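See below for the structure under consideration.
The values are calculated or read from the model by the stated rules, or taken from the named source; none is laboratory data. Fair warning: this is a prediction, and the values are worked out from it, not measured in the lab. So basically every Cβ, Gly included, is an ideal-geometry build from the backbone, and we count neighbours across all protein chains shown. When the accessible area is computed, the model is the full protein with side chains, heavy atoms only, and any ligands, DNA or RNA have been set aside. Shrake-Rupley method; radii C 1.70, N 1.55, O 1.52, S 1.80 Å.
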Amino acid sequence: MHYSSVNKKYLENEKVQSYMRIVIIVLVIINLLYLHYFSEDPLLEERVQKILPYPFIAFFIASSHLYFLYRYPQFYQKQRIILIGVFDVSATIFIMYLAGELSVYYSVLLLWVEIGYGMRYGVTIGYVVYASVLLAWSLLLYSSEFWHHNLDMGLGWLIAYAVIPLYFFKLVKALQQNIVALHKEVDSSNFKALHDPLTNLPNRIYLNETLEFYITEKEAKFALVFIDLDGFKEINDSLGHEIGDAVLIEVARRIATLESFSSRLGGDEFVSLVKFKKKDELEEKLKKLMDSMNKECFITQTSLSASVGVALYPEDAITAYDLKKRADLAMYKAKEEGKNRFVYFSKALLRD
């Protein structure tokens with residue numbers, strides 16, 4: 001038994017269409033029963049009597065399908081939709097074949113089937129049902145005595161089945177493209193609102209949200225790592241802002257070696273939230289960061305360095321404000337001690 005992720009929108013459409021299908025079948029039954037009991041034409045009454053069992057069979061199948069939707073909503077969803085679409089077409093054509101001249105009253109149902117499937121489930125499924133209608137109607141024109149003698153009307157309906165749904169499918173396709181473009185625009189706007197435009201790292205807003213999430217969810221242990229470049233002002237002043245921006249982009253790439261949530265606060269200040277289980281694990285990550293920072297920068301042809309302050313949760317602080325403040329203090333302690341190093345807040349207190 002194969003199950004796939006269920007498309008909830010499709011499922012709701014299936015349920016609505018199932019109820020509509022049952023209502024239409026009931027209306028057809030009522031119509032046939034009326035003709036059967038109140039028609040004064042013996043030939044018409046005989047024809048209705050031959051047709052009458054089939055709508056009841058269709059009603060049973062439609063009701064079983066509705067039960068199936070509630071019981072097994074994920075079972076081959078797309079294939080199931082296509083199968084029931086072909087059933088709708090086949091059942092309608094079969095009834096029309098048996099109905100003879102009465103089939104004129106049900107011709108419009110095929111348009112509802114064609115357009116309905118395309119509008120509800122997209123043009124891919126719509127075209128499958130569309131092809132089924134054209135094929136089934138062509139067979140009806142060839143095999144039905146009534147439609148064979150009324151070929152001009154039958155060809156008129158064939159043209160309607162071939163042309164009208166295409167217009168609606170074009171509208172659906174354009175709507176889907178607009179929705180995709182809108183989603184991309186929203187995603188782009190959200191990204192810009194939460195990321196630094198230069199380095200594409202998360203910005204201060206995103207950092208604050210993530211930090212609060214870490215604390216609220218009570219992450220086992222993590223460190224707030226405050227990173228400040230050494231001598232960046234001199235690079236900016238001597239080489240220009242374009243070179244300075246290129247250096248910041250390179251630094252952002254190197255900070256990614258921490259394999260953690262990293263953010264640029266502004267200027268040459270960066271923050272990372274580093275999860276760890278043991279202190280040795282954190283120590284190893286910080287040393288890896290320092291080694292990465294000390295490599296020669298191809299932009300300036302000199303080595304970079306950074307002063308790093310580290311505050312631990314929950315040992316050093318349990319609020320976002322205190323964590324950031326204490327990591328900042330530890331970073332300034334690293335500056336005072338000669339730069340190009342990392343200092344824990346707890347050790348910075350002992351050194352004072």
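A few remarks follow.
- When restricted to residues that are surrounded by 17 or more Cβ atoms within 10 Å (Cβ to Cβ) and either in a strand (DSSP E or B) or out of contact with any Asp or Glu (no Cβ under 8 Å at 6 or more places or on another chain) (or both), the stretch 222-247 contains 14.
- Hits in the stretch 46-74 - residues which are open to solvent by 60 Å² or more (accessible area, probe 1.4 Å) and outside any helix (DSSP H, G or I): TYR72, GLN74
- LEU198 assigned to a loop (DSSP other than H, G, I, E, B) and either touching a helix residue (DSSP H, G or I) at 6+ places or on another chain (Cβ under 7 Å) or surrounded by 14 or more Cβ atoms within 10 Å (Cβ to Cβ) (or both): yes
- For the stretch 154-165, the set of residues classified as open to solvent by less than 70 Å² (accessible area, probe 1.4 Å) and either without any contact (Cβ under 8 Å) to a residue 24 or more places away in the chain or of a type in the set (A, V, I, L, M, F, W, C) (or both) consists of GLY154, GLY156, TRP157, LEU158, ALA160, ALA162, ILE164, listed by residue number.
- When each of LYS333, LYS278 is tested for being within 23 Å of GLU217 (Cα to Cα) and either charged (D, E, K, R) or open to solvent by 70 Å² or more (accessible area, probe 1.4 Å) (or both), the lone residue that passes is LYS278.
- Search result, residues across the stretch 253-267 that are in a strand (DSSP E or B) and polar (S, T, N, Q): SER262, SER263
- Within the stretch 276-300, being touching a strand residue (DSSP E or B) at 6+ places or on another chain (Cβ under 8 Å) and outside any helix (DSSP H, G or I) holds for PHE276, ASN294, LYS295, GLU296, CYS297.
- Sole exception among (1) open to solvent by less than 60 Å² (accessible area, probe 1.4 Å); (2) of a type in the set (Lys, Arg); (3) under 18 Å from PHE298 (Cβ atoms) for LYS285, by number: (3)
- Number of residues in the stretch 177-195 that are open to solvent by less than 80 Å² (accessible area, probe 1.4 Å) and either assigned to a helix (DSSP H, G or I) or in contact (Cβ under 8 Å) with a residue 12 or more places away in the chain (or both) equals 8.
- Residue list for the stretch 293-321, restricted to those being open to solvent by less than 50 Å² (accessible area, probe 1.4 Å) and within 14 Å of PHE222 (Cβ to Cβ): VAL310, ALA311, LEU312, TYR313, ASP316, ALA317, ALA320
- Pairs meeting the criteria (first residue in the stretch 221-250 and at positive phi, second residue open to solvent by less than 20 Å² (accessible area, probe 1.4 Å), beta carbons under 9 Å, at least 6 apart or on different chains) are GLY231/LEU304.
- One residue from ALA223, ALA256 being at pLDDT 90 or above and small (Gly, Ala, Ser): ALA223
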